[in-house]
Each structure stands twice: as structure tokens, then as C-alpha cells.
1. Scan Ala335, Ala308, Ala329 and give me the residue that is surrounded by fewer than 16 Cβ atoms within 10 Å (Cβ to Cβ) and over 30 Å from Gly127 (Cβ atoms).
2. Residue pairs, Cβ under 8 Å, 6 or more apart or interchain, first in segment 23-44 and closer than 20 Å to Asn510 by Cα, second of a type in the set (S, T, N, Q) and part of a helix (DSSP H, G or I). List them.
3. For residues that are within 16 Å of the ligand (Cβ to nearest atom) and either free of Cβ contacts under 8 Å to residues at least 24 places away in the same chain or not basic (Lys, Arg) (or both), tally how many sit in segment 429-458.
4. Take Asp467 and tell me if it is at pLDDT 90 or above, part of a helix (DSSP H, G or I) and of a type in the set (D, E, K, R).
5. What number of residues in segment 407-428 are of a type in the set (Val, Ile, Thr) and either within 26 Å of His513 (Cβ to Cβ) or without any contact (Cβ under 8 Å) to a residue 12 or more places away in the chain (or both)?
6. Of the numbered conditions (1) over 31 Å from the mean Cα position of the chain (by Cα); (2) closer than 30 Å to Arg31 by Cα, Lys627 satisfies every one except a single condition; which is it?
7. Looking for whichever is of a type in the set (A, V, I, L, M, F, W, C) and over 30 Å from Asn645 (Cα atoms) here; the options are Val530, Val588. Which one fits?
8. Looking at Glu286 and the list (1) crowded, with 17+ Cβ neighbours inside 10 Å; (2) over 28 Å from Pro144 (Cα atoms), which single condition is not satisfied?
Amino acid sequence: MRKEIDYHNYRYYVLGEPEMSDYEYDQLYKRLEQLEQEYPEYIKPDSPTQRVGGEPIKAFETVEHSIGMLSLDNTYSEEEVRDFDRRVKKIVGVSVKYEATLKVDGVAVTLNYADGRFVLGATRGDGMRGDDITQNLRTIKSIPLKLLTRDRGLLNIEVRGEVYLPKKRFERLNREREKDGETLFANPRNAAAGTLKLLDSREVAKRGLDIFIHTVPVAPGSRYTSHYRTLLKLRDAGLRVIPHLELCTSIDDVFEYINKWKDKREDLQYEVDGLVIKIDGFTVRERMGHTTKSPRWAIAYKYQARQAITKLKNIKLQVGRTGRITPVAELDPVALSGTTVSRATLHNEDEIRRKEIKIGDHVIIEKGGEVIPKVVGVVKAKRSGSEKKFHFPTKCPVCGQPISRLPEEADWRCVNSSCPAQIKGSILHFVSRPAMDIQGLGDVLVDKLVNMGLVRSFDDLYRLDADILAEIERMGRKSARNLVNAIEQSKQREFINVLYALGIPNIGINASHLLVKAFRNIDRIIKAKVDEFSEIAGIGEVLATSVKDYFKVRENLKLIRNLRKIGLRFEAEPKKSVRTQLSGKTFVFTGELESMSRGEAQNLVRQRGGHPSSSISKKTDYVVAGKKPGSKYNKARKFEARIINESEFLKLVRSR
Ligand SMILES: [Zn+2]
């Protein structure tokens, strides 16, 4: 089971290609937890359940780096990159290959593996000595506690990487901190650094850090001559190697890479502030050597800072799903790192006041980790005297009803539950992937449906009819039918997703999970007392109050009755032993599998109630043919066993 969980961790956190649903994974994980509770003597430190430590530590130990962690030379100038290339060629000749990678703005760390097990992780510190942050790094699920390889060279290896906080996680973290009245992190890198410094790994685990491995300081054996190829091997061994890495045969290729990512980096889920150019060959690197500060075989090229100055023409208000009102600056369009920006967020009333922003001001805007740029300050020198102070309105700009602001909150809210802005927002949340997962209901269509009065609440979605939908502009008959089907299909979604889809304030998918696990059905959640919530680890007072408040509203109870009648699931599936499509079936493997070893594949079969066998007979149900299948392949045809390929096999494994 540990192996299986490790494998699914790898699919999910490293490759981003999960093979099972989150729910299935959680079930598997919980089963392992249960077993380990029953048989604690079998718990191993590298079990996937052992990532998070117990009590917080008092301080970090200092560790000496066996290989110094030098920092790279930085430049903003293309000319200096060409100079670098000229220097390299002078020393090592003309045919040099470069490895180009994105430079992720995070915190440098080093990881040590011994006999395939993650044994030590440390910060850079002063380059010679850093903090032992092994316990914190273990909570990062994309760091394998055990490598998925038998390659001896790789089992005892030191690798370096960048720990970072994905943009979305960063925004969420700051939103939570804002709510709790804590100081905000300036950028994702600060947030990642602050998180790694926490002494309680349980807190670290909640933050959602991730890692990219980008450097192997020493070749893991004489067979490994290319750094680039070594990284690819390490990816197969389970490490989350930095994506989009490229091998360039000339400096012009490097510039092509630089230009390619200049704008595209904005679309990535992590902050990229430049790129790193490294000589690919390990021996060539040695010949180049290093200075006391940095290696001579690598250079970091940084993109220009992403700020611009423009005029703030007006301030408009946006109303979100929960009624939250966000002031948005309307700007004179300005080019900023490849895109034209005409709007930027001002966060809330207090921020406008704190930054002393007036309408007509010239403002500095910045594109950080957020999708929408933000206004960071005012250029007061450019004021003409005609700037106007902004007064926060007292009515919702969409529905015209009075708005309110709680003393402990930074935001104004529209509290009218039939405000069209809120309806649209909550419908979009309802159909989103972790919720009801209804595809084909986008922004524009929801807008139309709400404006036309066809959809006022979630249950209206289930009454939409293909003919009416088809009449709506630009919606063909076929896509209308597909959409109606998708809506119908969503009735199969599990209670966890349904509960999340309701959009109860503060109840994310994780909290829904906890609630469903503890209460099993909606009636028990509705009836639950506040102290029953507080018994659930992970459900704090804020969440408990949110849930209680939500179910106090009569319309919400009515909505749930209606959705129930329609057929949505409001109770968890009864616990039962899982029967899978593999149950009772006999499997034979032939040839090489790409995603796992044969042993792992046989384990998967066993875990799902099937029988792996090494020889084909009349009893064989499936023959799984990998690459270069052997004689069994021909034999299989004789016995009329079903021959399937690897991806068909994985599909079977995934199915329930
Ligand atoms: Zn409103």
C-alpha cells in the first residue's frame, strides 16, 4: 500500500497526471493509516503517513554543506549573457551545450538521499552552512521519501532545488492572514521562506509548498556526462524536476528560450523572474571552475521588473460570489510585461486610504503573482491638484441594496442574497471542477442565463432544456444537448463535492471532506451543535459558525430540499468493501511497462482483488502487453485472452 500511495503521489504531485480521484486516494491513504494504527510495529519512517512531524522543534540544527551552495551571477543584460558565452568558448572551445531552465523565484534548498531514502534537507544559509529543515521538507508531497529507482548511482545523491509557493496558494494564504489580522507576505518567495522557517512542521504542511529540482552538483557516476539527461533520469526516479528545461546547442537557442518565456511565464502557476543558463557537460563544468562566490559555468538572466506608471481614471466596484465588494482601478491602458493592462485591484477601502490614492492620480502598478495587477503606490509628484478623493459608496453597484462592513472585516459586502452578481458568482462556483464539475457552463453563458432570468438558483440549472439553450445566441443544438447531459451527469457527484458546491462561506473542499467524514449526511450536519464541530480536527470556530449560520437561513434549507428532490447526493456512500473491475480476474504481463515496474503492476492487481500470474493459460483474463512483448503475446492470442496495452490497464485499475 505504501508503494501504491507513493506511486499515486508521484502521479499527482510530480507528474500532475493523477490516475485516481482525490476521494479514492484519500480512502487508500486512510486505510493505510488505520492499518498502521492497528499494527504500529510496522510503521516505517518513510511511510507516506509519516510526512508531518509531531511536536514543534525548538530550533534548527546547523548543517555543513558537503558541496558549497554557491549563488549564481545575475544579469539583466543580454550583452552580458553573450559575454558569458564568449568566456566559456575561450576556455572550452566552440561546441558547448547549454541547459536553459526557468528561474523560479523561491528558496534554494539541498536534498540528500542515502540508499534511496530522503535523509537530509537544508537551506543555503551562508553557502557553506545552512539550517537542517528536513522535517519541514518532508511535508512537501512532491519530495519522495523513497526514490522510485534501483539505479545505484541515483540512490545516493545530492540534488538542489527551489522551494516555492504556487501563486494561488500564496493568494489564499494572504487572504487568510488578512482575515486573521496578520501581516501579509510581500510576495510568494517571502511566503515560502517564512514557511520553511516555521518550527512546527504541522503548520508547514498546511501551507502547500512545492519544489522544483534543478541542479545535480556532482555527476552521480561516470555514466552521467550530461546534466540535462541526469535530470531526466531523476524525474523518472520520482523527483519533481523543473519543467520546460531545454538543451540548447548555441547561445542563439538560449536567446530564443529567453524570448519565448518573456511573456509566457505570466501564465505559469509559479513566479518566474528569469532563467538560468548552465553548461550541460559535467566535465566541462569542472574545467570552468568557480569563483569564491559563484560558479563560472552558469549565469542567471533576469527579466525586467514588472512595474509601470499610468493614470487612474476611475474606481469601480466588483461584487463577488459571497457579496464581497472589491474596488478596481480603471487605468489608462499601459503595456506591462507583454500584456496591456487597463485594470488593477485596489483590494479594499482601507488600502485606498492607506496608499492615499485619488481619482486622476498617476499610480505605480505591478504584476506580481496575481492574475490581476495591483496598484502599489501613487506618484505624488505628478499631481496637478485636480485629483479627487474617492468615497466608498453605501449601496451595492449591482443590485442597489445597502452594503455592510463588519468591524473585524476589511471588506464591504452586499448582503442581498438575490443580488445578480452573487448569483452569477455562486453558479460559477457550483459548476466548477471540485464542485459539480459541469463543463460547458462558462462565464458568458452564466451571465446570459442569470440576466435572462432562466437561472436564479442552483436547482434551476437542472430544469434547463436543450431547446431553450440552443436558442441562446451562439449555442448550437449539439452543444446544448451536451450541456444538458453534463448537468444531468453531475447528479452522480459525491456528497463531498455537493457540499462544497453549495458555497458555504469558508467551507473549501478540505473542510467539506472533514464534515462528510464526521457526519456522513446533510441532516446530521444541519442538526449538529457548535461543540460537535469543535471535536473535528481541522474545523475551527470560524468554520463551525459559517456552517451554523448557513443552515439558519430558511432559503438555504429550501434549496437543499429541492436539490435533494432533483437527485443530488446528500449523504456519503456507505462504507463497503470495494469491488473493482479487477476482482477475481487473472492478469499476465509481458514486455516492459512505461509507468511502473512489473512488480508494481502485479501489486496493483493484487490490491484490487485480481490475481497476477506469470504464465498464460485458459484461466487468463487479460494479457497486458508493454513495450517489446515476448512470446507470451503470441500465446495470448491462442488462448483468446484479452490483450490490452498499458494505458488500458491503468484505466481498468482506476475504474471502480
Ligand atoms: Zn448586490
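The values are calculated or read from the model by the stated rules, or taken from the named source; none is laboratory data. Owing to the predicted nature of the structure, the values given are computational and were not obtained by experimental measurement. All Cβ positions, even for glycine, are placed from backbone atoms using ideal geometry, and neighbour counts span all protein chains on display.
1. Working: Ala308 fails: surrounded by fewer than 16 Cβ atoms within 10 Å (Cβ to Cβ); Ala329 fails: surrounded by fewer than 16 Cβ atoms within 10 Å (Cβ to Cβ).
After ruling out the rest, the residue left standing is Ala335.
2. From segment 23-44, the pairs are Tyr29/Thr49; Leu32/Thr49; Glu33/Thr49.
3. Step one: of segment 429-458, the residues within 16 Å of the ligand (Cβ to nearest atom) are 447, 450-451, 456-457.
Cutting the leftovers down to either free of Cβ contacts under 8 Å to residues at least 24 places away in the same chain or not basic (Lys, Arg) (or both) gives us 447, 450-451, 457.
Count: 4.
4. Values: at pLDDT 90 or above: no; part of a helix (DSSP H, G or I): yes; of a type in the set (D, E, K, R): yes.
Spelling it out, it is not the case that Asp467 is at pLDDT 90 or above, part of a helix (DSSP H, G or I) and of a type in the set (D, E, K, R).
5. Step one: of segment 407-428, the residues of a type in the set (Val, Ile, Thr) are 415, 423, 427.
Pick out the ones that are also either within 26 Å of His513 (Cβ to Cβ) or without any contact (Cβ under 8 Å) to a residue 12 or more places away in the chain (or both) and you get 427.
Selection size over segment 407-428: 1.
6. (2)
7. Working: Val588 fails: over 30 Å from Asn645 (Cα atoms).
Exactly one residue qualifies, and that residue is Val530.
8. (1)
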